Structures are given as structure tokens and as C-alpha cells.
Amino acid sequence: MPHRDYVARSKPKRKPKKAKRNFPLFPVVIVAGLLIAFGYGLSVIKGAGDDQPTALEKSLSQPEKTHKPSTTDNKPLPVLEKDEYGFPTDLEKSYATDRLPSGEKIEKREVNPEKQYIMQCGSFRSEQQAKEMEATIAFQGLEAQVRSTRGSKGLWYRVYLGPYQQKRHADVDRHKIEAAGIYSCRIWNWNL
């Protein structure tokens, strides 16, 4: 039996036809119409605005009028009612005296010279770390000291500020240091 070649008998492959693209006439007509309408709108707006000055232009073109009382306007000014609370005058009186409304005298606190505050910001094993924290604090405009102490676990380097006479002065400096990112500062009541 003779050998049959089925490949040769197969139908040749057809190349797909390229789809013929039509020119997009409809979208082009719409876009052109919109552009023409936009241009016409701008020309109408531009022509309408030239005729009348704006309120700002009117106010700038007219000189300021100062109010002059006329001779026919002899009405007296209205009388202000009395403030029933009397807050501003009573407040001034209370500040003028050193007494409470009950009649007691205000005691002013005096600074206790024996009581001092120190703010400790860190305690390190290495002197290098302590010096770095001291430099960071110095960049905030404050003067810190590094003191070495020997404890039961070895040598420690403490970074502290002070002494302060009042705790609120130490608080003010602590807020400055916190702006630099150091949040470990604690205020202690120490006597040197």
C-alpha cells in the first residue's frame, strides 16, 4: 500500500484579515463642537465684563469719606448701662490688695534654701555614652555634668543637671530636654 501524505493534503492556513478601521468621525465631531462652544462662551463672558466696574474697582476709585457731624444732628450719645457683674473693676481691686475675698491675707511661699532639686537624665556603664548624652543636652542650651560613682555593681557614670532651688525650674529644663528626644530625666530632691 502506498504511503499517503496527509500533511500535503491539508488545507492551507489562511492569514487573518486585518480589520479595516474606520475614521472615528463621530467623536471628532463632538470634540470639535465642544471646543467651538467653549470659545464662543469665553468671548461672550469677556465682552460682558468690560462694561461694568466691580465693587473693588468702585471702592478704589472713590475717595474715602470721613464722617463729619452735621450741625443738624444734635442728638446726645446713648448712655451705657452699668455692668451688673463689675468684673474688671473688682478684679483690679483684688489684685491691688494681698487679701483673699474672705479677708485672709495671702501668704507668699519662700524658697527653702536647704531643699534643692537635681535632675538625673541617665546612668551609664561607659563614660562615652554619658559624654554623648551630655553633648545632646548641651545642644539644647543647658549645662549638664557627668559624675562617676562606685556602687555595689561597679563604676557608673551619672548625667545630671542642677541643683535647682525650685522644682518648676527643673521641670522647664526637662521639657527642653524632651524636645531633643531624651525622655529619661527624673527630678530628685537631693542635697549635695
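State the number of residues belonging to region 146-157 that are outside any strand (DSSP E or B) and of a type in the set (Lys, Arg).
Matching residues across region 146-157 total 1.
Given Ala32, Ala19, which one is open to solvent by less than 100 Å² (accessible area, probe 1.4 Å), aliphatic (A, V, I, L, M), modelled with pLDDT of 75 or more and out of contact with any strand residue (DSSP E or B) (no Cβ under 7 Å at 6 or more places or on another chain)?
Ala32
Scan Glu64, Glu134, Glu143 and give me the residue that is assigned to a loop (DSSP other than H, G, I, E, B) and modelled with pLDDT of 80 or more.
Step by step, each of Glu64, Glu134, Glu143 is checked, and only Glu143 is assigned to a loop (DSSP other than H, G, I, E, B) and modelled with pLDDT of 80 or more.
Take Val146 and tell me if it is farther than 16 Å from Tyr117 by Cα and not acidic (Asp, Glu).
Yes, satisfied.
Please work out which residue is farthest from Tyr117 (Cα to Cα), limiting yourself to region 173-192 and to residues that are surrounded by 12 or more Cβ atoms within 10 Å (Cβ to Cβ) and free of Cβ contacts under 8 Å to residues at least 60 places away in the same chain.
Restricting to residues being surrounded by 12 or more Cβ atoms within 10 Å (Cβ to Cβ) and free of Cβ contacts under 8 Å to residues at least 60 places away in the same chain, the top hit is Ala180.
Give the residues of region 143-192 that are touching a Ser or Thr at 6+ places or on another chain (Cβ under 9 Å) and on the phi > 0 side of the Ramachandran plot, sorted by residue number.
Across region 143-192, the qualifying residue is only Gly181.
Test of understanding: among Tyr85, Tyr160, which residue is modelled with pLDDT under 95 and either exposed (fewer than 13 other Cβ atoms within 10 Å of the Cβ) or part of a helix (DSSP H, G or I) (or both)?
Residue meeting the stated conditions: Tyr85.
The values are calculated or read from the model by the stated rules, or taken from the named source; none is laboratory data. Only a predicted model underlies this, so the values are computations on that prediction, with no experimental measurement involved. Note that each Cβ is placed from the backbone with ideal geometry, even for glycine, and that neighbours are counted across all protein chains shown. Heads up: the accessible areas ignore ligands, DNA and RNA and are worked out on the full protein's heavy atoms, side chains in. Shrake-Rupley method; radii C 1.70, N 1.55, O 1.52, S 1.80 Å.
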